[in-house]
1. Which fully enclosed helices (runs of 4 or more DSSP H) of the chain have 2 or more residues being modelled with pLDDT under 95 and open to solvent by 60 Å² or more (accessible area, probe 1.4 Å)?
2. Taking the conditions exactly as written (out of contact with any helix residue (DSSP H, G or I) (no Cβ under 6 Å at 6 or more places or on another chain), among the β-branched types (Val, Ile, Thr) and free of Cβ contacts under 8 Å to residues at least 60 places away in the same chain), does ILE79 satisfy them or not?
Amino acid sequence: MDETNIQSLRAHIDRIDKSLVDLLSQRMELAYQIGQEKGKTGQPVTVPGREEEIYHSLEGQESRFLTSEDLKSLFAQIIALGRKAGEKGARDVNQKIGKTS
Ligand SMILES: O=C(O)C(=O)C[C@]1(C(=O)O)C=C[C@@H](O)C=C1
């Protein structure tokens with residue numbers, strides 16, 4: 001494979017990476033909004049059942065270079081960031097309405 005091919009494959013990877021970051025940002029915005037809703041009613045941000053549902057939905061989506069274990073560990077990171085965004089959403093909404101905890 002010559003240098004031009006590598007350059008063009010890398011350009012494709014760069015575009016995919018940008019899309020991944022954009023989609024992850026959108027996902028975090030949604031988790032933040034869910035956190036705000038939970039904050040309003042005092043519900044806990046972490047919902048283990050929902051997290052299990054997400055892991056379950058990944059089953060059958062594995063591919064040549066992504067095993068189900070790979071997907072699970074990737075999503076463990078993504079969900080941890082979702083929780084962090086949700087905690088911020090709950091904090092922000094409570095600060096706005098003057099609750100301290
Ligand atoms: O679905 C929710 O209730 C969320 O808060 C989002 C999310 C996620 O990132 O997917 C984050 C934390 C919860 O434990 C479950 C799921």
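The values are calculated or read from the model by the stated rules, or taken from the named source; none is laboratory data. Source: prediction; values computed, not measured. Ideal geometry is used to build each Cβ from the backbone, glycine not excepted, and the neighbour counts take in all protein chains shown. Protein only, heavy atoms only, side chains kept; ligands, DNA and RNA dropped before computing areas. Shrake-Rupley method; radii C 1.70, N 1.55, O 1.52, S 1.80 Å.
1. 3-41, 68-96
2. For ILE79, the condition - out of contact with any helix residue (DSSP H, G or I) (no Cβ under 6 Å at 6 or more places or on another chain), among the β-branched types (Val, Ile, Thr) and free of Cβ contacts under 8 Å to residues at least 60 places away in the same chain - is not met.
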